[in-house]
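K.L.:
Quick one: structure below, then a few questions.
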Amino acid sequence: MVFWLTSRPGWVLVLFLFIFTGLSMAGPFLVRRRIRLAHLRGNNEVAGFKFAVIGVLYAVLLAFVVIISWERYHDAEKALVTEAGSAATLYRLAGGLEEPTSAAVRANLSAYLQSVLADDWPAMVRGRSSAVTTQVLSDLYDKVIHYPTANLHDSTMQADLLAQLDQLTGARRERLVMGEGTVPKVIWFVLFLGAALTISFTFFFGTENLIAQTLAAIILSAVLVVIALDRPYTGAVTVSKEPLRWVIEGMGGSAH
């Protein structure tokens with residue numbers, strides 16, 4: 001269910017917000033068909049104290065999760081920029097290799113970036129990685145590792161290339177991990193349970209002004225922010241692919 005929610009576009013999440021806010025505002029009408037308003041008012045003092053405790057605890061948890069999700073979103077941006085930056089550095093360093101290895105490394109690097117956009121990114125929508133992209137990256141490693149080092153210059157070039165290649169691989173691994181979702185399942189359970197308890201608790205307050213039920217809109221909006229940010233590469237709010245496209249264009253290729 002969470003995987004499905006975090007894969008929805010923004011307009012669907014906004015639609016959910018209006019639907020569930022409307023349902024929460026209809027809740028008091030259903031309760032008051034069975035329980036009189038005067039009887040509900042008699043419980044306001046005790047219910048208010050309990051609601052304050054539950055509300056504060058849930059508000060703290062919700063604010064913490066929103067902040068962490070936003071920070072992880074920025075981490076996802078940094079990971080993609082690091083991956084693109086390492087690729088650009090590799091392309092420049094490959095110019096110091098002897099031919100035909102230099103052209104082969106550059107061609108393989110361009111193929112990797114194209115595969116990230118064409119294969120890896122669609123695979124992340126399904127919570128997976130692309131075997132095609134992994135193989136292209138392995139081929140790139142193979143070319144660098146087996147480059148013949150006849151002198152100190154060649155050895156230094158190979159070491160620098162491997163360092164950048166390791167950094168690119170680490171950034172890709174981080175991208176794939178965050179692409180699966182940044183919020184643990186147990187936190188999702190607590191968020192949804194807390195939202196349901198907090199909103200349903202307001203149904204039993206003896207207030208004539210039901211506009212107060214718009215509290216649900218605030219709670220649900222914060223939860224939907226977490227849903228939108230949970231999968232930073234394929235969710236409702238996504239990290240831009242432009243850093244990768246810029247590097248491909250700098251290599252003389254065309255990004256799809």
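The values are calculated or read from the model by the stated rules, or taken from the named source; none is laboratory data. The structure displayed is predicted, hence computed values, not measured ones. In this analysis, Cβ positions are derived from the backbone assuming ideal geometry, glycine residues included, and neighbour counts consider all displayed protein chains. Calculation scope for accessible area: heavy atoms of the full protein, side chains included, ligands and nucleic acids excluded. Shrake-Rupley method; radii C 1.70, N 1.55, O 1.52, S 1.80 Å.
K.L.:
Of the residues in segment 77-101, how many are of a type in the set (A, V, I, L, M, F, W, C) and either touching a His at 6+ places or on another chain (Cβ under 8 Å) or open to solvent by 50 Å² or more (accessible area, probe 1.4 Å) (or both)? Outline the logic, then answer.
P.N.:
Step one: filter segment 77-101 for residues of a type in the set (A, V, I, L, M, F, W, C), giving 79-81, 84, 87-88, 90, 93-94, 97.
Those still in the list that are either touching a His at 6+ places or on another chain (Cβ under 8 Å) or open to solvent by 50 Å² or more (accessible area, probe 1.4 Å) (or both) too: 81.
So the count comes out to 1.
K.L.:
So the check is Cβ under 8 Å with 6+ separation or different chains; which pairs have a first residue in segment 93-118 that's basic (Lys, Arg) and a second one that's open to solvent by 20 Å² or more (accessible area, probe 1.4 Å) and in a helix (DSSP H, G or I)?
P.N.:
Every condition considered, the pairs that remain are 106/91; 106/95.
K.L.:
Among the residues of segment 116-129, what is the count of those that are open to solvent by 10 Å² or more (accessible area, probe 1.4 Å) and either of a type in the set (Gly, Ala, Ser) or in a helix (DSSP H, G or I) (or both)? Steps first, answer last, please.
P.N.:
First, the residues of segment 116-129 that are open to solvent by 10 Å² or more (accessible area, probe 1.4 Å): 117-119, 121-122, 125-129.
From what's left, either of a type in the set (Gly, Ala, Ser) or in a helix (DSSP H, G or I) (or both): 117-119, 121-122, 125, 127, 129.
Number satisfying all stated conditions: 8.
K.L.:
Return the only residue of 106, 175 being in contact with a Gly (Cβ under 9 Å, 6 or more places away or on another chain), among the basic types (Lys, Arg) and under 17 Å from residue 84 (Cβ atoms). Outline the logic, then answer.
P.N.:
Working: 175 fails: in contact with a Gly (Cβ under 9 Å, 6 or more places away or on another chain).
Only one candidate passes the filter, namely 106.
K.L.:
Counting just the residues of segment 142-171 that are open to solvent by less than 20 Å² (accessible area, probe 1.4 Å) and part of a helix (DSSP H, G or I), which one comes out farthest from residue 121 (Cα to Cα)?
P.N.:
154
K.L.:
While we're looking at this one, here's another question. Looking at (1) in contact with a helix residue (DSSP H, G or I) (Cβ under 7 Å, 6 or more places away or on another chain); (2) part of a loop (DSSP other than H, G, I, E, B); (3) within 28 Å of residue 104 (Cβ to Cβ), which is the one condition that is false for residue 132?
P.N.:
(2)
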